[in-house]
Amino acid sequence: MTARAWLFDVDGTLLDSVTGTSLRPLARELLTALRERGTPALLWSAGGADYARRRAEAAGIADLVTAFHVKAERDGRGHWVLPTLPPEHAPAVLVDDQPDEVPRAGEVLGVPPYVGPNPRDTALAALLRRLPQRTEGNP
Ligand SMILES: [Mg+2]
């Protein structure tokens with residue numbers, strides 16, 4: 001099976017890293033677009049899987065997330081170790097505000113840290129543009 005899931009960091013990537021409550025602009029649009037394409041969207045956080053789920057619920061995006069995981073340990077190079085995932089959740093894309101810490105398990109997309117609430121942040125626009133456009137009758 002070809003890897004196609006997207007694996008997102010939480011703090012500083014989808015939610016601001018100071019209050020943890022501001023959803024990054026276009027995050028909902030990006031997750032919705034993935035959902036529409038049947039692409040699993042996974043969240044993982046050093047704060048734990050439950051933390052990631054709580055943050056997503058509070059931000060109102062939990063319904064768009066396929067599964068939640070923990071960044072539990074690092075390998076010898078300082079990369080987080082991927083959780084055990086079912087084959088259909090193998091990540092094709094890994095999005096993180098600290099891309100140097102992400103394992104090269106797929107395409108790593110770094111985004112600038114989303115530090116505090118900022119309605120002008122546009123970092124996720126580039127990711128939205130990467131998605132193949134959907135055409136009527138041609139899923
Ligand atoms: Mg982060």
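Annotations
- Residues of the stretch 67-86 satisfying the condition of being basic (Lys, Arg) and either more than 13 Å from the ligand (Cβ to nearest atom) or open to solvent by 80 Å² or more (accessible area, probe 1.4 Å) (or both): Arg74, Arg77
- Any hit, the stretch 8-18, residues being free of Cβ contacts under 8 Å to residues at least 60 places away in the same chain, within 15 Å of the ligand (Cβ to nearest atom) and more than 11 Å from the chain's Cα centre (by Cα): no
- Filtered by the rule that a residue be of a type in the set (Ser, Thr, Tyr), in contact with a Pro (Cβ under 8 Å, 6 or more places away or on another chain) and open to solvent by less than 30 Å² (accessible area, probe 1.4 Å), the stretch 87-123 gives no residues.
- In the stretch 87-112, residue farthest from the ligand (Cβ to nearest atom) [restricted to those that are assigned to a loop (DSSP other than H, G, I, E, B) and under 20 Å from Ala3 (Cα atoms)]: Ala90
- Qualifying residue in the stretch 75-94 (condition: closer than 19 Å to Leu26 by Cβ, under 14 Å from the mean Cα position of the chain (by Cα) and not charged (D, E, K, R)): yes
The values are calculated or read from the model by the stated rules, or taken from the named source; none is laboratory data. Predicted model only: the values in this text are computed from it and were never measured. Here the Cβ is made from the backbone with ideal geometry for all residues, glycine too, and neighbour counts use every protein chain on show. All accessible areas refer to the heavy atoms of the entire protein, side chains included, with ligands and DNA or RNA removed. Shrake-Rupley method; radii C 1.70, N 1.55, O 1.52, S 1.80 Å.
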